[in-house]
Amino acid sequence: MRVAPSLIIGAVLSLAFVVMALVSLVWTPFDVTALAVGNRLVPPGDAHWLGTDHFGRDIFSMILVGARTSIAVALVAVGVGMVIGVPLGLTAASRAGSWFDDLIMRGNDLVFAFPALIIAILITAIFGPGAINAIIAIGIFNIPVFARLTRGAALSLWTRDFILAARLAGKGRARISLEHILPNVSNTLLVQATIQFSLAILAEAGLAYVGLGAQPPVPSWGRMLAEAQTMIALAPHVALVPGLAIVSTVLGLNLFGDGLRDLFDPRLQRGPA
Amino acid sequence: MSLVTVEGVTLSIGDTPVLNGVSLEIAPGEVLGLVGESGSGKSMTALSVLKLLPVGARVAGQIAFDGRDIIAASEREMVALRGDEIGMIFQEPMTALNPLMTIGDQVAETARIHTRVGRSEARALAKAMLERVGLPHDRIAHTRYPHELSGGQRQRVGIAMAVVLRPKLLIADEPTTALDVTTQAQILDLLRGLVRDEGMALMLITHDLAVVAGMADSIAVMDKGVVVERGTVLEVLQAPRNAYTKKLIAASTHVPVRQRGKQGGALLEVEGLCKDYALPRTSLFGPHETMRAVDHVSFTIKAGESVGLVGESGSGKSTLARAILGLETVTAGHVLLKGQAVHAAGRAAFATLRDMQMVFQDPYGSFDPRQKVGRLVAEPLHLLGSGAPKGAALEGRVDSALKAVGIEPGMADRYIHEFSGGQRQRIAIARALIIEPALIVLDEAVSAIDVSVRAQILDLLADLGDRLGHAYLFISHDLGVVRAITDRVLVMAGGKIVEAGPTADVLERPAHAYTKTLVAAAPRLAG
Amino acid sequence: MTRFLLCRTISLLASLLVASLVIFLVLEVLPGDPARFMLGLNTSPEALAALREQLGLTAPLPARYLGWLAGMAVGDFGISYTYRVPVADLIVERLWVSLPLALYALTLSTLIAIPVGVLAAANRNGLIDFSAMGLTQIGIALPNFWFAMLLVLAFAVNLRWFSSGGFPGWQDPGAAVRALTLPAIALALPQASILARVMRSSLIDTLDEDYVRTARAKGLTRGQALWRHALRNALIPVVTIMGLQFSFLLAGAIIIENVFYLPGLGRLAFQAISARDLIVVRSVVMILVFAVITITFLVDIAYALIDPRLRRRAP
């Protein structure tokens, strides 16, 4: 099988991002909570590879820890979306046209009417800001995405003859959903998961930027940008570095997802071996 | 002077050779039947004449149309030729029309782009041509969209689009394959009339020798990218010289040898079966209207008997099959298998399924692409519950089922995409056999496979029926197949069984008006 | 068609009703006592009682919900607790920034995306396609607020073509449009990248359809077949994405308003959150949700206009 270059570039970028997050668990060049006002806004150089911010904190260290924040929020949020959304979608499709299916679909439409940002605003208005809010908001937003995708893919499978064959073997809806439907939609789900993961990272950055995400002193890329905004003319690197980190991570995940899609696409696969 | 001359044309798409030196000729006004099985290159030959080839196709050789060199022609010259001097009709009437454009506009478009006529003149031309193909404006408004028309009507629109400028050559690629037998007969009639009235030449591409026999002046038989035999219809069908042609003709008229007899008592009893479907509401608060798909159907199948169920699409035969198997609830009536009710409350269907399995039409869609063949074939053993064989016993059972249908047991480790259409249908039969049912329902089981493979599958079915003694319910739109393999036939129309009796009697001396039309419409190759 | 419209309208109203109920439950029931929540812990019983009275919290829940609905139906969103003015006035004032911004961005995004997507599809696997898809891949990965900051750095700080923020009001429409231009570009480019990719893949799919081959067999050139047959069919998924994007642009504007200090709905929401003004929060959220649901409704109608298969058969 030929692997597209975009898949490799995407995998490398995504992997780099995961490695950064893991490294930050055991080591960072500087302590990200140590303030050194005398050392503020140092441009990139030998001591501080990517410079320091307005509190004198090492930006490279903050990027490493920020990767951890992004990964944790995005991973849990997409996980929540999949763990709730996929079974809902499978069940709805196995009972297409029933009241349960209707309920799931109407519920989906309703959640779609609340963009993640609005959910975050609602939660923050009541419980105050925090990383958990971001997870809940992005997670809720992901549920209908996966429910709808799973249902759609499963519905088209339910019309196929091999499902009839399974019913002729006396298998019930739940068993068919697990044995035949889920394996056949797993590629689609995997591709969507990488895309949702990259969207979640963008969303987390946006929420953190407006103060609805991770709170100080937990470093996050979005808040680094918010703090850098007033200094952008003075020290552009403070704003450039976190932004580039977000772009390359999201780009990597998107390329990886596209590459996977092409890899799985039967139209692009070679015929019988 | 011939209208079309194709001489030594080779074509490859990427690295795959498709045509290996095709030669044929069509005289003005001549009807040429281009016959071959799937993958023989007949469609590509037609598209080469129009120079409408897929991306990456390389073509060489000589193609002349009306004295013009097609291979050397510029795209601009080809655009002028297509639709004006050469018209083409495609196989799939469902997808060949633009869903967002009215049928009148689609026919008028051909006229608008080739001539300088105005909008209203083009409309008038389109109107006249749609009337000519049997779609008068007062019956089928020309402002309708394709989805509002039946398959046969759409194919008429496709024909109108192709012939509105009265081309010298009409290419029809399997124009009736997707249609019912009676509709097919009407469309073929229409084509015959158009060719005669307008003096058009027709290149009729088909896999069905019987269609060609009734339509064409001459035949070209294609196999593996080459024309293996050319001649008049009589020459080729009565005295074929080429080995492949002989094989094809033999397969088309093949009747498997069956030992009749050995029939037991009543196996399947269907009594007053009705199935209603709810239609979408027509008014917001009105009641659901229902459509009766199966209407008071009663019949019996005896153990070991082979029964055909014939009908066109929409006749209710597939719904009936699913209701018999317990895959559908029923509105009224009952189905008994070995005296046990299929539709009783609880899990009765589970019990009756041990004696009743099915083989589906589509050899591609009826297997889970993510499971290996061994697991696919073993699936019905789930019906045995805790008594299902495990380990070596399971393997042995799968092996013997595969062996029975002529598949190497060693192939159980492969995935289904590694098999050809014919092999897949064998595997489907193995899957039905593994539970040793008393009745196997075959839903158009040989409709999607090539003629030569079809003959082998029919032989296999006949042999298995003789050896294992199970009964068949053979659902098909193809009278030839039903004639070849069944003892008795049921004819279904509008949800009702309109005629039943011994196969030979019903098909030779139909009593009901509908059966008469059906038998008359079916193209037949004199055997 | 009328039946289709009627059905869609009923489901629109039902969605709005359920959405309003959700908002009401979250903001009025979840905090327990909204008045105490808004005033904080150290407050006098008299002030609490006065606010309860003013907010109508003395009435039972169903009555409060219905009262809120009835008020909104006549344009009465209540009185802001912090601003001491009718919330409706606040919202209308802010909508005059947020709505034009979203529309501006949607227009830009569509004007960029459709031609790029069509060109890329028409030259599939060619140089144009390759570079367009590379650029859109980067565009999708851009966080719009960061892109906005870069735009400010380049065009406001360095080139001084635009001001770096603020909004002069609509008294001078030219200046207002100028003030919205950088924010609109920042919002539009990432969305245009997505839309262009959808346009391209949708058009590539329809170009492979049988009816495009039929059109070519009629004698249409590749270009004619693309414009007359493939494009309109390809627009169906594009319209869906445009609908989703308009909602996203309205909500996404909340973030961009922060970069450019624009007095839009988003800034109103953030100010209301920090001031714990639940009256304003629920109204802003309701307005945004109303917009999203209404746009979904309009997209459904647009579908039916594009695709006759979705209309009821004419009698």
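The values are calculated or read from the model by the stated rules, or taken from the named source; none is laboratory data. Here the structure is a predicted model, which means the values were calculated and not measured. So basically every Cβ, Gly included, is an ideal-geometry build from the backbone, and we count neighbours across all protein chains shown. Only protein heavy atoms, including side chains, enter the accessible area calculation; ligands, DNA and RNA are left aside. Shrake-Rupley method; radii C 1.70, N 1.55, O 1.52, S 1.80 Å.
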**Item:** Filter pass, B:Val377 being over 30 Å from B:Glu269 (Cα atoms) and within 14 Å of another protein chain (Cβ to nearest Cβ)
**Value:** no
**Residue satisfying condition, being out of contact with any strand residue (DSSP E or B) (no Cβ under 7 Å at 6 or more places or on another chain), surrounded by fewer than 16 Cβ atoms within 10 Å (Cβ to Cβ) and of a type outside the set (Ser, Thr, Tyr), within set C:Ala19, C:Ala47** = C:Ala47
**Some residue of the stretch B:153-165 being under 13 Å from B:Leu97 (Cβ atoms), away from every other protein chain (no Cβ under 13 Å) and not in a loop (DSSP other than H, G, I, E, B)** = yes
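Quick check: anything in the stretch C:37-46 away from chain A (no Cβ under 11 Å), within 22 Å of C:Ala272 (Cβ to Cβ) and in a helix (DSSP H, G or I)?
yes
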**Message:** Given (1) over 25 Å from C:Phe77 (Cβ atoms); (2) of a type in the set (Val, Ile, Thr); (3) surrounded by fewer than 22 Cβ atoms within 10 Å (Cβ to Cβ), identify the lone condition not met by C:Thr214.
**Reply:** (3)
**Prompt:** Out of curiosity, is B:Ala445 small (Gly, Ala, Ser), buried (at least 17 other Cβ atoms within 10 Å of the Cβ) and within 14 Å of chain A (Cβ to nearest Cβ)?
**Reply:** yes
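Only one of A:Leu190, A:Leu251 is within 26 Å of A:Ile9 (Cα to Cα) and away from chain C (no Cβ under 12 Å). Can you tell me which? Full working, then the answer.
Details: A:Leu251 fails: away from chain C (no Cβ under 12 Å).
Just a single option satisfies the conditions, and that option is A:Leu190.
Among what's in the stretch B:421-439 and is more than 24 Å from B:Leu353 (Cα to Cα) and touching a residue at least 24 places away in the same chain (Cβ under 8 Å), pick the residue that is farthest from the other protein chains (Cβ to nearest Cβ). Before the answer, list the steps.
Step one: of the stretch B:421-439, the residues more than 24 Å from B:Leu353 (Cα to Cα) are B:421-423.
When the remaining residues are screened for being touching a residue at least 24 places away in the same chain (Cβ under 8 Å), the result is B:421-422.
On the way: B:Gly421: 11, B:Gly422: 13 Å.
Residue satisfying both the conditions and the ranking: B:Gly422.
Here are some residues: B:Glu85, B:Glu75. Which one is loosely packed, with under 15 Cβ neighbours inside 10 Å, within 12 Å of another protein chain (Cβ to nearest Cβ) and closer than 29 Å to B:Ala108 by Cα? Quick ask: steps written out before the conclusion?
On the way: B:Glu85 fails: loosely packed, with under 15 Cβ neighbours inside 10 Å.
On inspection, the qualifying residue turns out to be B:Glu75.
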**Item:** Only listed residue being away from chain B (no Cβ under 14 Å), at pLDDT 80 or above, in a helix (DSSP H, G or I) and surrounded by fewer than 20 Cβ atoms within 10 Å (Cβ to Cβ), chosen from C:Leu288, C:Leu305, C:Leu298
**Value:** C:Leu298
**Request:** Can you run down the residue pairs with Cβ atoms below 8 Å, 6 or more apart or on separate chains, where the first is in the stretch B:111-123 and within 12 Å of chain C (Cβ to nearest Cβ) and the partner is assigned to a helix (DSSP H, G or I) and of a type in the set (Asp, Glu)?
**Result:** B:Ala111/B:Glu121
**From the options A:Leu64, A:Leu50, residue that is surrounded by 22 or more Cβ atoms within 10 Å (Cβ to Cβ), modelled with pLDDT under 80 and away from chain C (no Cβ under 14 Å)** = A:Leu50
**Request:** Quickly run through the stretch B:501-519 and pick out the residues that are surrounded by 17 or more Cβ atoms within 10 Å (Cβ to Cβ) and either touching a residue at least 24 places away in the same chain (Cβ under 8 Å) or not assigned by the TED database to the domain that holds B:Phe474 (or both).
**Result:** B:Thr503, B:Leu507, B:Thr515, B:Leu518, B:Val519
**Asked** A:Gly206: on the phi > 0 side of the Ramachandran plot and within 11 Å of another protein chain (Cβ to nearest Cβ), yes or no?
**Response** no
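Going by the structure shown, is C:Leu231 open to solvent by less than 30 Å² (accessible area, probe 1.4 Å), modelled with pLDDT of 85 or more, more than 26 Å from C:Ser20 (Cβ to Cβ) and more than 11 Å from every other protein chain (Cβ to nearest Cβ)?
Working: open to solvent by less than 30 Å² (accessible area, probe 1.4 Å): yes; modelled with pLDDT of 85 or more: yes; more than 26 Å from C:Ser20 (Cβ to Cβ): yes; more than 11 Å from every other protein chain (Cβ to nearest Cβ): no.
It is false that C:Leu231 is open to solvent by less than 30 Å² (accessible area, probe 1.4 Å), modelled with pLDDT of 85 or more, more than 26 Å from C:Ser20 (Cβ to Cβ) and more than 11 Å from every other protein chain (Cβ to nearest Cβ).
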**Message:** I need every pair where a residue in the stretch C:152-174 that is assigned by the TED database to the domain that holds C:Glu93 has its Cβ under 6 Å from the Cβ of a residue that is among the basic types (Lys, Arg) and open to solvent by 80 Å² or more (accessible area, probe 1.4 Å), sequence separation at least 6 or different chains.
**Reply:** none
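May I ask you to verify whether C:Gly223 is of a type outside the set (A, V, I, L, M) and surrounded by 20 or more Cβ atoms within 10 Å (Cβ to Cβ)?
On the way: of a type outside the set (A, V, I, L, M): yes; surrounded by 20 or more Cβ atoms within 10 Å (Cβ to Cβ): no.
So C:Gly223 fails the test.
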**Prompt:** Can you name the helices (runs of 4 or more DSSP H) wholly within the stretch A:114-208 that have at least 2 residues being touching a Gly at 6+ places or on another chain (Cβ under 9 Å), hydrophobic (A, V, I, L, M, F, W, C) and within 30 Å of C:Ile287 (Cα to Cα)?
**Reply:** A:116-127, A:131-158
**Asked** Does A:Leu35 satisfy being open to solvent by 30 Å² or more (accessible area, probe 1.4 Å), over 19 Å from A:Val247 (Cα atoms) and either touching a Ser or Thr at 6+ places or on another chain (Cβ under 7 Å) or at pLDDT 80 or above (or both)?
**Response** no
**Request:** Among what's in the stretch C:246-285 and is more than 19 Å from A:Gly222 (Cα to Cα) and outside any helix (DSSP H, G or I), pick the residue that is most open to solvent (accessible area, probe 1.4 Å).
**Result:** C:Arg276
**Prompt:** B:Asp276 versus (1) part of a strand (DSSP E or B); (2) at pLDDT below 85: which is the lone unmet condition?
**Reply:** (2)
**Prompt:** For the stretch A:139-185, how many residues meet the condition of being under 26 Å from the mean Cα position of the chain (by Cα), of a type outside the set (Ser, Thr, Tyr) and either open to solvent by less than 10 Å² (accessible area, probe 1.4 Å) or within 12 Å of chain B (Cβ to nearest Cβ) (or both)?
**Reply:** 11
**Request:** Could you figure out which of (1) over 30 Å from A:Ala228 (Cα atoms); (2) among the aromatic types (Phe, Trp, Tyr); (3) surrounded by 14 or more Cβ atoms within 10 Å (Cβ to Cβ) isn't true of C:Trp170?
**Result:** (3)
**Request:** Look through the stretch B:319-374, keep the residues that are in contact with a Leu (Cβ under 8 Å, 6 or more places away or on another chain) and on the phi > 0 side of the Ramachandran plot, and return whichever of them is nearest to the other protein chains (Cβ to nearest Cβ).
**Result:** B:Gly326
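Test of understanding: among A:Ala21, A:Ala72, which residue is farther than 28 Å from A:Met231 by Cα and in a helix (DSSP H, G or I)? Steps first, answer last, please.
Values: A:Ala21 fails: farther than 28 Å from A:Met231 by Cα.
Selected residue: A:Ala72, the only one of A:Ala21, A:Ala72 that is farther than 28 Å from A:Met231 by Cα and in a helix (DSSP H, G or I).
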